[in-house]
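The values are calculated or read from the model by the stated rules, or taken from the named source; none is laboratory data. Model, not experiment: these values are computed from the prediction. Heads up, the Cβs are rebuilt from the backbone with ideal geometry, glycines too, and the neighbour counts pull from every protein chain shown. We work out accessible area using only protein heavy atoms, side chains counted, and drop any ligands, DNA or RNA first. Shrake-Rupley method; radii C 1.70, N 1.55, O 1.52, S 1.80 Å.
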Amino acid sequence: MAGILLISLYNEFNLGVRQMVSELRDAGHDAWMLCLKQYRKKELAPDEEWYPDWQTELPPNGGRLVLSYPYPLSDCERELFKGLLRKLRPQFVGLSVYSAFVPSAIEVTRLIRETLPDALVGWGGPHVTLDPVSSSEHCDMAFVGECDVPMVELAHALHHGKDWRQVPNIVWRENGSIHRQPVSPVIKDLDTLPFTYFGSDGAYYLEDDELVEGRPFPSSELNTCFKIMTTRGCPYVCTFCMLSFQKEVMPDTTRLRFRSIPHVMRELEEAKARMGHFFLEIEDDIFTTRPERMKEFFQHYRERIGMPFWCYTHPNYARPEMLEVLKQNNVQFVVMGIQSGSDRIANEIFDRRVSNKTLLEATRNIHKAGIRPFYDLISNNPFESEEDRIETFHLLRSIPRPYGLQLVALTFYPNLGISRMREERGLPLTVDFQQYRFWNSLYHLASTVELSDGDAEYLLNNAEFRRDPSLLERFATHAKAWTREIGDLKALNQTHLQEVHRLADRVRALEEELTFIKARRGFRQFLWLSEQLRHLKHKLVNWRSLIHAREEGPHKNAGARTDSLREKAISPLCNQAKKLSSS
Ligand code: SF4
């Protein structure tokens with residue numbers, strides 16, 4: 001059988017890599033996976049180098065927080081990696097590559113070539129699908145799109161000594177020219193695929209000068225979270241999103257593909273048996289597309305799994321009946337893309353197909369359902385005019401608070417619709433970061449504090465804040481920290497309340513059993529059950545007092561504190577600035 005090593009860079013969950021490891025093992029091959037360094041964020045110092053390919057969050061303090069920062073390999077990690085290659089001696093090594101990790105992937109490829117000159121090296125993943133031609137410069141073959149079928153075909157070809165150039169979905173260079181194999185149809189029936197591989201055998205983790213097999217590092221989220229996809233695809237074609245490009249190269253991904261609910265439940269039950277408790281992250285691009293399917297999902301989920309979870313929704317699918325189902329089933333929060341508050345940017349540039357009216361209605365539905373929301377917004381966008389930014393600011397003011405705002409910089413990945421548009425219009429790849437600090441602090445402020453029309457006008461027209469927004473940033477940072485703290489406490493309370501209900505049910509059941517045993521069975525059983533009951537009641541009292549203490553504790557007035565921020569802080573802030581600018 002063929003020996004295949006698949007490497008995930010800076011992402012231990014990488015469902016794509018784990019899925020292919022599973023498929024290769026199912027087909028009888030020796031498949032291993034290596035998680036080469038963990039996902040870690042890094043806040044850059046003001047003078048630190050930044051690359052436009054890095055996915056960057058824009059926190060309220062005016063900094064730049066690189067999500068999944070590509071920390072370089074240390075000398076020790078390079079040696080450990082080479083040692084693993086010598087031990088496994090795979091015939092093929094595949095790397096999953098995102099645009100931000102291209103330099104790291106080039107280095108890893110060089111290390112593979114030095115250690116195993118006969119092994120083939122392939123690149124796959126989002127960056128390679130977007131730009132297979134330039135990717136093929138660095139490896140033997142670049143894989144385009146979903147590669148469930150091609151990867152297994154490659155393993156068969158290697159095992160039988162056949163020509164790998166016949167494998168579908170690949171692009172490679174030979175004798176100075178570029179060759180391509182056509183893209184194979186995607187798998188329509190997702191139930192025919194095995195579950196994502198989260199086993200320990202043949203799973204390696206390398207981080208902080210240490211290589212371990214079989215178990216993730218104690219700091220890893222793999223120990224507490226489980227991720228699953230119940231569908232593949234998305235009905236939309238947002239120009240900044242990788243999925244819209246995938247539809248161009250794989251037209252049969254236009255339709256959403258669904259796994260059956262029993263198939264999903266079996267995978268979740270396996271995870272529950274392995275992990276006990278976990279926090280579920282539902283990775284479907286939009287989980288709330290079909291109400292009937294959601295109801296069926298939760299009928300089973302409630303009974304058989306019952307773990308807290310979060311999921312993505314979309315403004316066109318955040319309807320009250322769907323949100324109610326989520327709420328009843330212990331959803332911790334939902335994430336929804338707003339992306340721009342300007343109708344022009346959202347629809348002409350991003351092709352979101354969502355009006356501001358629908359968007360606001362969706363946010364009100366989420367608020368009414370009592371679900372904690374996080375909204376994604378794209379800033380630092382060279383397509384925007386002053387009017388677009390003002391429109392975004394006012395939209396953020398109108399969304400019901402509290403909500404979390406996840407602000408990121410627009411990234412132009414190669415060949416995406418938006419990147420082609422940028423080139424056609426001759427726009428720059430990055431914006432004036434300093435100019436956007438003013439806008440980003442206003443966005444964060446609007447998401448946390450109620451601003452009157454007068455205050456909003458004043459802030460928008462204040463030349464001093466535009467020149468130096470640091471005062472606004474300091475204020476927004478504190479306001480946001482409070483909002484987050486309140487949200488965290490509410491979520492914790494909700495979880496504890498559920499635990500109280502669960503324990504109360506258990507106490508009731510034991511009391512009934514006790515009465516029955518007292519009447520029918522022996523004294524020893526009666527004593528044992530009494531002890532159980534006493535223990536549970538004690539636990540119940542503790543939980544209740546914990547909740548009571550929190551409700552009465554220092555955060556009792558936190559909501560009111562945030563509400564009065566405007567009077568207590570924003571207005572004096574504006575007055576202070578007025579004085580400064582007039583003196
Ligand atoms: S709705 Fe989300 S997942 Fe779908 S294309 Fe748009 S950004 Fe991508």
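From most to least packed by mean Cβ count within 10 Å, the peptides 26-32, 219-225 give 26-32, 219-225. Length available on full extension from SER355 to ALA273: 0.36 nm per residue minus the Cα-Cα distance, which gives 25.1 nm. Principal axis extents of the C-alpha atoms in the stretch 490-534 (largest first, rounded to whole Å): 45, 14, 8. Computed log10 I(q)/I(0) for the stretch 1-49 at 0.14, 0.20, 0.26, 0.32 Å⁻¹: -0.45, -0.67, -0.91, -1.11, from the Debye equation with unit scatterers placed on every C-alpha and solvent omitted.
A simple charge model with +1 on the Cβ of Lys and Arg, -1 on the Cβ of Asp and Glu and nothing else charged puts the dipole of the stretch 224-448 at about 660 debye relative to its Cα centre. For a paramagnetic label modelled on ARG425 (point 7 Å from Cα along Cα→Cβ), amide N atoms under 16 Å away belong, within the stretch 327-350, to 340-350. Calculated on C-alpha atoms, the gyration radius of the stretch 432-542 divided by its Kirkwood radius gives an Rg/Rh of 1.49. The alpha carbons of the stretch 410-484 stretch over 40, 30, 22 Å along the principal axes, in descending order. Surface composition of the stretch 224-448: carbon and sulfur atoms hold 51% of the protein heavy-atom accessible area at a 1.4 Å probe. Taken along its principal axes, the alpha carbon cloud of the stretch 1-112 reaches lengths of 53, 28, 17 Å, longest axis first. Spatial offset of the stretch 369-445 relative to the stretch 215-241 amounts to 23 Å, using the alpha carbon center of each. Give the aspartates and glutamates reachable from LYS87 as a straight Cα distance under 17 Å; neighbours fewer than 8 places away on the same chain don't count. Within the straight-line limit of under 17 Å, LYS87 reaches these aspartates and glutamates: ASP30, GLU77, GLU79, GLU114, ASP118, ASP201, GLU210, GLU213.
Taking a cut-off of 26 Å, what percent of all Cα-Cα pairs in the stretch 51-205 are separated by more than that? In whole percent, the share of Cα-Cα pairs in the stretch 51-205 beyond 26 Å is 35. For the peptides 355-361, 232-238, the ranking by packing is 232-238, 355-361, with the highest mean count of neighbouring Cβ atoms within 10 Å listed first. Regarding the stretch 272-409, what's the average projected area of the Cα-atom convex hull, expressed in nm²? Projected area, direction-averaged: 8.8 nm².
Checking the cross-link pairs LYS327/LYS368; LYS295/LYS357; LYS227/LYS272; LYS227/LYS295; LYS357/LYS490; LYS41/LYS480 against a 22 Å limit on the alpha carbon distance flags LYS295/LYS357; LYS357/LYS490 as lying beyond it. Debye-formula intensities of the stretch 371-509, expressed as log10 I(q)/I(0) at q = 0.11, 0.18, 0.20 Å⁻¹, are -0.53, -1.05, -1.20 (one equal scatterer per alpha-carbon, no solvent). A 1.4 Å probe run over the stretch 232-312, with the rest of the protein chains in place, finds 44 Å² accessible per residue. P(r) for the stretch 69-159, from all Cα pairs and a bin width of 5 Å, is 3, 13, 24, 23, 21, 12, 4, 0 %, short bins first.
The residue among ILE286, PRO308, ASN542 whose Cα reaches farthest toward the positive pole of the charge dipole of the chain, with charges on the beta-carbon of Lys, Arg, Asp and Glu, is ASN542. Over every Cα atom in the stretch 158-225, the radius of gyration and the widest Cα-Cα span, Dmax, amount to 18.8, 49 Å. The convex hull of the Cα atoms of the chain, projected and averaged over all directions, covers 31.9 nm².
Available extension along the chain between GLN434 and PHE217 is 74.2 nm, counting 0.36 nm per residue and deducting the alpha carbon span. Building the convex hull from the alpha-carbon atoms of the stretch 200-334 and averaging its projection over directions returns 10.3 nm². The Rg/Rh ratio for the stretch 217-256 is 1.21, where Rg is the radius of gyration of the alpha carbons and Rh is the Kirkwood radius.
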